[in-house]
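Here the structure comes first, spelled out in structure tokens, and everything after it is commentary.
The values are calculated or read from the model by the stated rules, or taken from the named source; none is laboratory data. Fair warning: this is a prediction, and the values are worked out from it, not measured in the lab. Please note: Cβ atoms are built from the backbone with ideal geometry, for glycine as well, and neighbour counts cover all protein chains shown.
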Amino acid sequence: METIFDTIIIGGGPAGCAAAVYAGRAQLNALRIEMGFPGGQILNTNEVDNYPGIPARNGMDLANDLYEHSAKYGLEEKMEQALRIEDPEKPVKTVVTDMGSYRTRSVIVCSGAHHRVLGVPGEAKYTGRGVSYCATCDGGFYKDKVCLVVGGGDTAVSDALYLSKVCRKVYLAVRRGELRASGITAQAALHTENLEILWHTELLEVMGEMKVNRVRLIQNQTKKETEMAVDGVFIAVGIQPTNELLSEIARTDEGGFVYTDENMQTSIPGIFAAGDIRVKPLRQIITAASDGAVAVSGVMKYLR
Ligand SMILES: Cc1cc2nc3c(=O)[nH]c(=O)nc-3n(C[C@H](O)[C@H](O)[C@H](O)COP(=O)(O)OP(=O)(O)OC[C@H]3O[C@@H](n4cnc5c(N)ncnc54)[C@H](O)[C@@H]3O)c2cc1C
């Protein structure tokens, strides 16, 4: 007879790993579907230093620990891409993947978020050839070179600081006249010698030949345009939810983030969302893990 799972967890980032631990310990008949290497966004993190009890840990190592811990309870796992949820309103729903389909009484969507693109000319063309969205992944290619980072939030400023240790010179193009990054990070940026902040500056175009060799910028107060020679461009202008499974069926905000109640249930009974995909005030590992745990408790209430 075909298995009907108690729950299917989609995603193996911090939210999906926490959900797997809690589902395993609750002895739910659970399946986790992750399309890539488990760990989610923290695989791209140089160092995680804000998870209580785990001081300064390399992102890759923390991802590995999260995964190994979550796998220890023996839930079933598939390395597949979930494509859609069929019969979302029915008591038994079907998760269709690129390899098969699975029936379940509930679903916990932990598909996270990914970087936002700027959409300027040259950005897509030179992605992987000088344009990057991950300083810790690609920064090593720019030893003693000149790079531009775009953005003014925590990720952009952290990326600029990280690159300042590798590159000869780093420019940080900030649209406003202030940094949105948190205090310590912003202060460090203001006092790093080879890091120059270009205030009120926006990227208009990425240019090059085989690889990036220059950018066109605009000072948005004076409207003065300039060209600048750079070897690399790192874009860090926020994230958007990976919400394809829910965007058509569940209630979302205008940015596509999914609304849940305090049990992590979406607008559809039996479909839960946890982690960065949710509407929430803080998108971090600690809140993603918390969401995953709460979602399993929500699933248990729902199944009862
Ligand atoms: C560069 C960077 C640095 C960061 N540094 C920190 C930090 O120092 N401290 C901190 O607390 N937070 C940090 N964060 C934020 C933190 O990584 C996220 O808040 C957290 O990873 C969110 O976890 P998540 O499980 O919700 O989603 P994600 O980590 O995005 O994981 C989602 C997972 O779902 C999988 N998936 C998506 N769609 C499907 C599908 N259709 N089928 C199957 N699988 C799917 C993806 O492959 C991925 O593995 C950082 C983020 C970045 C990008």
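Tallying residues that are within 14 Å of the ligand (Cβ to nearest atom) and touching a helix residue (DSSP H, G or I) at 6+ places or on another chain (Cβ under 6 Å) within the range 78-132 yields 4. If you go through the range 187-202 and keep only what is of a type in the set (S, T, N, Q), more than 22 Å from residue 120 (Cα to Cα) and buried (at least 16 other Cβ atoms within 10 Å of the Cβ), you end up with just 192. In this structure, does residue 291 turn out to be surrounded by fewer than 18 Cβ atoms within 10 Å (Cβ to Cβ) and either at pLDDT 95 or above or under 25 Å from residue 135 (Cβ atoms) (or both)? Answer is no for this residue. Out of the residues in the range 1-40 that are modelled with pLDDT of 95 or more and of a type in the set (Asp, Glu), state the one that is nearest to the ligand (Cβ to nearest atom). Only one residue tops the list, namely 34. Among the residues of the range 61-76, not a single one is near the ligand (Cβ under 8 Å from one of its atoms) and either under 23 Å from the mean Cα position of the chain (by Cα) or under 29 Å from residue 235 (Cβ atoms) (or both). Taking the criterion of being surrounded by 16 or more Cβ atoms within 10 Å (Cβ to Cβ) and of a type in the set (D, E, K, R), the residues of the range 203-243 that qualify are 214, 216, 231.
Conditions tested, residue by residue: (1) within 12 Å of the ligand (Cβ to nearest atom); (2) within 12 Å of residue 111 (Cα to Cα).
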position	(1), (2)
230	no, no
244	yes, yes
264	yes, no
272	no, yes
279	no, no
288	yes, yes
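Would the range 29-38 turn up any residue that is in contact with a Cys (Cβ under 8 Å, 6 or more places away or on another chain) and free of Cβ contacts under 8 Å to residues at least 40 places away in the same chain? The answer is yes; a qualifying residue exists. Tell me yes or no: at least one residue of the range 121-140 is surrounded by 14 or more Cβ atoms within 10 Å (Cβ to Cβ), touching a residue at least 60 places away in the same chain (Cβ under 8 Å) and assigned to a strand (DSSP E or B). The answer is yes, given that some residue of the range 121-140 is surrounded by 14 or more Cβ atoms within 10 Å (Cβ to Cβ), touching a residue at least 60 places away in the same chain (Cβ under 8 Å) and assigned to a strand (DSSP E or B).
For residue 188, the criteria (1) assigned by TED's automatic domain parsing to the domain that holds residue 84; (2) within 16 Å of the ligand (Cβ to nearest atom); (3) over 20 Å from the mean Cα position of the chain (by Cα); (4) touching a residue at least 24 places away in the same chain (Cβ under 8 Å) hold in every case but one, which is (1).
A Cβ distance below 6 Å, combined with a sequence gap of six or more or placement on separate chains, defines the contacts here; from the range 278-294, residues that are of a type in the set (D, E, K, R) reach residues that are within 8 Å of the ligand (Cβ to nearest atom) and in a helix (DSSP H, G or I) in the pairs 291/15.
Can you pull out every residue in the range 245-285 that is among the hydrophobic types (A, V, I, L, M, F, W, C) and modelled with pLDDT under 95? Hits for the range 245-285 are 282, 285.
The rows are residues; the columns are (1) farther than 30 Å from residue 32 by Cβ; (2) away from the ligand (no atom under 16 Å from the Cβ).
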| position | (1), (2) |
| --- | --- |
| 218 | yes, yes |
| 234 | yes, no |
| 238 | no, no |
| 259 | no, no |
| 268 | no, yes |
| 275 | no, no |
| 291 | no, no |
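Within the bounds of the range 14-25, is there any residue that is under 25 Å from residue 241 (Cα atoms) and without any contact (Cβ under 8 Å) to a residue 24 or more places away in the chain?
Scanning the range 14-25, I find no residue that is under 25 Å from residue 241 (Cα atoms) and without any contact (Cβ under 8 Å) to a residue 24 or more places away in the chain, so the answer is no.
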